[in-house]
Amino acid sequence: MKIPTEVLMERYKDNLFAAAFHICKNVADADDVVQDTFLQYHLSEKCFEDEQHIRA
């Protein structure tokens with residue numbers, strides 16, 4: 001299963017940013033984490049079993 005990156009960004013960007021900000025304590029660093037995460041997913045050729053695995 002490979003959900004389009006744009007769909008995942010819309011669903012999870014706020015949650016991912018909140019988690020990243022909680023760890024980084026810095027808006028710019030949290031933005032970088034979010035961007036890097038979605039970029040890695042987009043470039044990955046890995047297929048996931050279901051959306052729960054993608055979210056994890």
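Structure above, values below:
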item	result
Nearest-ten-degree value, helix 27-43 long axis tilted from longest Cα axis of the chain	10
Given the chain, longest segment not containing exposed loop trypsin sites (Lys or Arg not before Pro) (DSSP; at most 16 other Cβ within 10 Å)	3-24
In degrees, nearest ten, helix 5-24 long axis to first principal axis of the chain (Cα)	30
For the chain, the longest site-free run once GluC sites (Glu not before Pro) in DSSP loop states with at most 13 other Cβ atoms within 10 Å are removed	1-44
Partners for residue 46 among lysines (Cα-Cα distance below 16 Å; same-chain residues under 8 apart left out)	2
Mean-position separation - Cα centroids, region 1-16 and region 19-46, in angstrom	12
Where the chain is the region considered: accessible area per residue in Å², 1.4 Å probe	78
Separation in nanometres of the label points that stand 7 Å from Cα toward Cβ, at residue 39 and residue 2	2.0
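The values are calculated or read from the model by the stated rules, or taken from the named source; none is laboratory data. It should be emphasised that the depicted structure is a prediction, and the values quoted were computed from it without experimental measurement. Ideal geometry is used to build each Cβ from the backbone, glycine not excepted, and the neighbour counts take in all protein chains shown. These accessible areas exclude ligands, DNA and RNA; they are computed on the full protein's heavy atoms, side chains included. Shrake-Rupley method; radii C 1.70, N 1.55, O 1.52, S 1.80 Å.
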